[in-house]
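The values are calculated or read from the model by the stated rules, or taken from the named source; none is laboratory data. Note that the coordinates shown come from a computational prediction; the quantities given were computed from them, not determined experimentally. A quick note on method: Cβ atoms are made from the backbone with ideal geometry, for glycine too, and the neighbour counts reach across all protein chains shown. Just so you know, the surface numbers come from the protein's heavy atoms only, side chains and all, with ligands and any DNA or RNA stripped out. Shrake-Rupley method; radii C 1.70, N 1.55, O 1.52, S 1.80 Å.
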Amino acid sequence: MNRAFSRKKDKTWMHTPEALSKHYIPYNAKFLGSTEVEQPKGTEVVRDAVRKLKFARHIKKSEGQKTPKVELQISIYGVKILDPKTKEVQHNCQLHRISFCADDKTDKRIFTFICKDSESNKHLCYVFDSEKCAEEITLTIGQAFDLAYRKFLESGGKDVETRKQIAGLQKRIQELETENAELKNKVQDLENQLRITQVHASPAGSMTPKSPSTDIFDMVPFSPISPQSSTPTRNGTQPPPVPSRSTEIKRDLFGAEPFDPFSCGAGDFPPDIQSKLDEMQRQRWRGSKWD
C-alpha cells in the first residue's frame, strides 16, 4: 500500500492505540466532494482531483451554494463521513479500501484520500478543506493504518475477514434503516390521503344526533311540542305513559251534567220552562205591535 504519510513513520503518533482501536477520533471539515480517478495512488492524481473539485466548488459558490460541513470519524476500521447535525452517515470508507492519503503542501488546508468504491469498484478521490487540522487528520489516518496492520499480523489475517463481515453487516443495517424510513413515509402519506378522502366523502353540515338530556331522576324531560319518545332512559326503563283524555261526559256531585251555554240549543230546556219562554215572547211581540 502506497501512503504519502510514510515519511512520518518514525515520529511519535498523536493518539493512543485504544482511542483508534476501541473508539474513534472525530474531526470537523468542509467537504469539497469526490471524483473518480484513474489510478489508486499518486501525487499528481490527487492534485488533478483537487483542481477539478476546487473549480466545481468555485462555480457552486458563485451560485450562492455554501461548502457543506461534515464530521470525520477515524478509527482502525475506516473513515466515516457524517452530517454534523443529524449524524447521518454519508460515506463509509473502509480502511482496507483506502489506497492513498496526503495533505496538500501548496495549500495547507486541503487533504485527500483515495478509496475504492465497494459497489462500482471505481477509485474515488475525496477532498476536504480544514483550516487548521489538514496535516493532523492525515497523520491520524496514517496511525489508524499502522495499528490495523499490527493487528493484522497478530491475528494472522483473521481480523481482516472479521472486519469485512462486520462492515457488510453495517452496510446492510444502513440499507434496512433507509428502507424502513421510506416505508414509514409511504404509510404516513397513505394515512393522510385516507383522511382527506373521508373528509370529502362525508356530507357537508351533517351532524351526529344528540341523545336527549335527562333530569336528576334520569328521566327524559317532557316537551309539549314534540311527540313522546319511546327511547328508554339510561337505567333501561320506559317512562310512564301519559294518561289519555277520556271522551266520557263528566257529571257533578249530584249526578247532573254541567251546564254549557255554548252547546245548549232551544230544545234542550224542559217543556214547562220552554212554554213560559214562548208566552213571554208572544206578549213582548204584542206590546211592541200596539205601540
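General remarks:
- Across q = 0.12, 0.26 Å⁻¹, segment 59-147 modelled as identical point scatterers on its alpha-carbon atoms has Debye log10 I(q)/I(0) values of -0.39, -1.42, in the order of the q list.
- With every protein chain in place, segment 89-132: carbon and sulfur % of accessible area (1.4 Å): 41 percent
- Charge tally in the Cβ shell below 10 Å around PRO17, where Lys, Arg are +1 and Asp, Glu are -1, PRO17 excluded: +1
- Alpha-carbon Rg with Dmax, taken over segment 1-141, Å: 14.5, 46
- For the set LYS60/LYS184; LYS61/LYS184; LYS60/LYS122; LYS61/LYS105; LYS69/LYS184; LYS66/LYS105, the pairs lying more than 30 angstrom apart at their alpha carbons are LYS60/LYS184; LYS61/LYS184.
- For LYS108, neighbours were defined as the other residues whose beta-carbon sits under 12 Å from its Cβ, and their charges (Lys and Arg +1, Asp and Glu -1) total -4.
- Entries of LYS52/LYS132; LYS116/LYS171; LYS80/LYS171; LYS52/LYS108 with Cα pairs more than 21 Å apart: LYS52/LYS132
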